[in-house]
Amino acid sequence: AEETGVVFGASPFIFNVFEFDRLPWRRQALHELVAWRLQKIFPENIEAYDHRWFALDRRRVLSVLVRRSLLEGTERAFRERNIPLTHVGSSTLQILGRALGARPAPDLVIERDGAGCTLAFLQERRPVYIRKFRAASESPADAGQEIGRTVSFVRGQYGIDPRRCWLHDHGGEAAAAAAALQELDEDALGGGRLSLLAPGPGTTPHLPVRP
């Protein structure tokens, strides 16, 4: 049987990396802990969102939110056309999934499209901090400046100095975006330089369609 999936860009998703002293081993207890943390920071009606989470290690959890209306509308559109839909995916999660098996592994993933830019800072192949932003313009140079400010923040907060970067530009300006990254101020990078790596293969986690 044929399988059909839809992968959305980063724009409709809300990503958070939650860190705790220690994750409980019982899944129900962990679910309640993640829900409690999410309620503390998320001002909107949580019932309007589909919430999935992934335990990254013994202390951190990746939380992913997307509006239920988007999933339901996508499922309905395929159902009306009698096309079986097996999964609705996130391009960001797919990219992060590939990082798990990459050699060498990136410590910064940049995903850029017409809606903005998503930065994921990794330690031991797993996200520690994720930020999405809309640049003042679509200029790769403007995005590069914002990336530099975020790198400085992450270095101060998490002690991460990214050196190996994956760049995914869905807007067809990969060359311009790469050039902007090469112009980042060395102070923002802790006196070093950012090397662009070719993305590697790996697993592709996704948000499965509900029964």
Between residues in the stretch 144-158 that are open to solvent by less than 10 Å² (accessible area, probe 1.4 Å) and residues that are not hydrophobic (A, V, I, L, M, F, W, C), which pairs lie under 8 Å by C-beta distance while being six or more apart or on different chains?
G144/E183; G148/D185; T150/R131; V151/P162; V154/Y129; V154/P162
Among the residues of the stretch 78-117, the number that are open to solvent by 10 Å² or more (accessible area, probe 1.4 Å), at pLDDT 90 or above and closer than 25 Å to N45 by Cα is 1
With (1) surrounded by 13 or more Cβ atoms within 10 Å (Cβ to Cβ); (2) in a loop (DSSP other than H, G, I, E, B); (3) modelled with pLDDT of 65 or more as the list, and A188 as the residue in question, which single condition is left unmet?
(3)
Do we have any residue at all in the stretch 103-125 that's among the acidic types (D, E) and more than 19 Å from E19 (Cα to Cα)?
yes
Please give the number of the condition W25 fails out of (1) surrounded by fewer than 17 Cβ atoms within 10 Å (Cβ to Cβ); (2) more than 26 Å from V128 (Cβ to Cβ).
(2)
With the requirement that a residue be surrounded by 15 or more Cβ atoms within 10 Å (Cβ to Cβ) and either touching a Ser or Thr at 6+ places or on another chain (Cβ under 9 Å) or within 24 Å of Q123 (Cα to Cα) (or both), what does the stretch 43-53 give you?
H51, R52, W53
Would you confirm whether any residue within the stretch 113-126 is touching a His at 6+ places or on another chain (Cβ under 8 Å), of a type outside the set (V, I, T) and without any contact (Cβ under 8 Å) to a residue 60 or more places away in the chain?
yes
Tell me which of these V61 doesn't satisfy, since it passes every other one: (1) in a strand (DSSP E or B); (2) open to solvent by 30 Å² or more (accessible area, probe 1.4 Å).
(2)
Going through the stretch 3-32 in order, the residues found to be in a loop (DSSP other than H, G, I, E, B) and either small (G, A, S) or touching a strand residue (DSSP E or B) at 6+ places or on another chain (Cβ under 9 Å) (or both) are E3, G9, A10, S11, P12, F20, L23
Single residue of the stretch 130-143 satisfying the filter (open to solvent by 50 Å² or more (accessible area, probe 1.4 Å) and in contact with a strand residue (DSSP E or B) (Cβ under 6 Å, 6 or more places away or on another chain)) that is modelled with the lowest pLDDT
R134
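The values are calculated or read from the model by the stated rules, or taken from the named source; none is laboratory data. Predicted model, so just to flag it, every value in this text is computed and none were measured. Using ideal geometry, Cβ is built from the backbone for each residue, glycine included, and neighbour counts are taken over all protein chains shown. Keep in mind that these areas ignore ligands, DNA and RNA; they rest on the heavy atoms of the full protein, side chains included. Shrake-Rupley method; radii C 1.70, N 1.55, O 1.52, S 1.80 Å.
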